[in-house]
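Student: The structure follows.
FYI, it's all coordinate maths here, none of it is from the lab. Keep in mind it's a predicted model, so treat the numbers as computed, not measured. Glycine also receives a Cβ, built like all others from the backbone with ideal geometry; neighbour counts cover every protein chain displayed.
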Amino acid sequence: MGGTEGNNAKKTKEIIDLVKRALIAAALAAPLPALAGETGIATYYTNPYHPGMIAAHKTLPFGSHVKVTNLDNGRSAVVVIVDRGPFAARNRIIDVSTFAAGVLGFRQAGVCHVRVEKI
């Protein structure tokens with residue numbers, strides 16, 4: 001019996017090592033979320049399914065709350081990530097709702113410089 005128990009323990013250890021390597025590989029391959037102080041350009045968009053203070057971000061998980069600060073005028077707002085994007089230009093890091101753009105004070109301009117922080 002000792003040999004069977006030893007083989008089972010060895011197989012269990014091999015499986016655990018394999019799972020650890022897979023988890024590490026998955027973590028390294030995953031896109032990085034917005035870090036504190038991520039800065040770039042914000043634009044706005046309309047989402048008929050989600051009114052209110054919402055936004056689209058390329059990597060943050062849906063449901064994440066983020067503080068968006070307009071670096072051009074100092075206004076800030078908290079929005080919820082409900083979409084993916086923006087995809088129009090490289091330096092655009094977030095699309096906020098029309099309503100959020102009004103709160104942030106850039107609806108007329110259409111774009112602004114922002115800092116995005118996950119809260």
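Student: Using a Förster distance of 30 angstrom, determine the FRET efficiency expected from the C-beta separation of Ile16 and Val78, and round it to 0.05.
Tutor: 0.15
Student: Let me ask something additional. Between Ile41 and Glu5, with labels modelled 7 Å along Cα→Cβ, what's the label distance in nm to one decimal, could you check?
Tutor: Between Ile41 and Glu5, the label points sit 6.8 nm apart.
Student: What aspartates and glutamates could a cross-link reach from Lys13, if we take a straight Cα to Cα line under 16 Å and drop same-chain neighbours fewer than 8 places away?
Tutor: Glu5
Student: Still on this structure: So which chymotrypsin sites (Phe, Trp or Tyr not before Pro) in the stretch 45-109 are both in a DSSP loop and have at most 14 other Cβ atoms within 10 Å of their Cβ?
Tutor: Passing both the DSSP loop test and the Cβ count: Tyr49, Phe62, Phe87.
Student: Next up: Cα to Cα, under 30 Å, and not fewer than 8 places away if on the same chain: which lysines meet these conditions relative to Lys20?
Tutor: Cα-Cα hits under 30 Å: Lys10, Lys11, Lys58, Lys118.
Student: Once fully extended, how much extra length lies between Asn91 and His113, figured as 0.36 nm per residue of separation less the alpha-carbon to alpha-carbon distance?
Tutor: Between Asn91 and His113, full extension yields 6.9 nm more.
Student: Additional query: Can you sort Val114, Val103 from fewest to most other Cβ atoms within 10 Å of each residue's own Cβ?
Tutor: With the fewest neighbours first, Val114, Val103 line up as Val103, Val114.
Student: Another question, then. Can you list which of the trypsin sites (Lys or Arg not before Pro) found in the stretch 59-106 are DSSP loop residues with at most 16 other C-beta atoms within 10 Å?
Tutor: Passing sites in the stretch 59-106 are Arg75, Arg84, Arg90.
Student: Would you grab the residues whose amide H sits under 5 Å from the one on Arg92? Only those 5+ places off in sequence or on another chain, please, with H modelled 1.01 Å from N.
Tutor: Ile41
Student: I've got another one for you. If you take every DSSP beta bridge fully contained in the stretch 38-118, what fraction is antiparallel? Give it as a percent rounded to 5.
Tutor: 70 percent
Student: Given a cut-off of under 8 Å on Cα pairs at least six residues apart, what relative contact order in percent is computed for the chain?
Tutor: Value for the chain: 34 percent.
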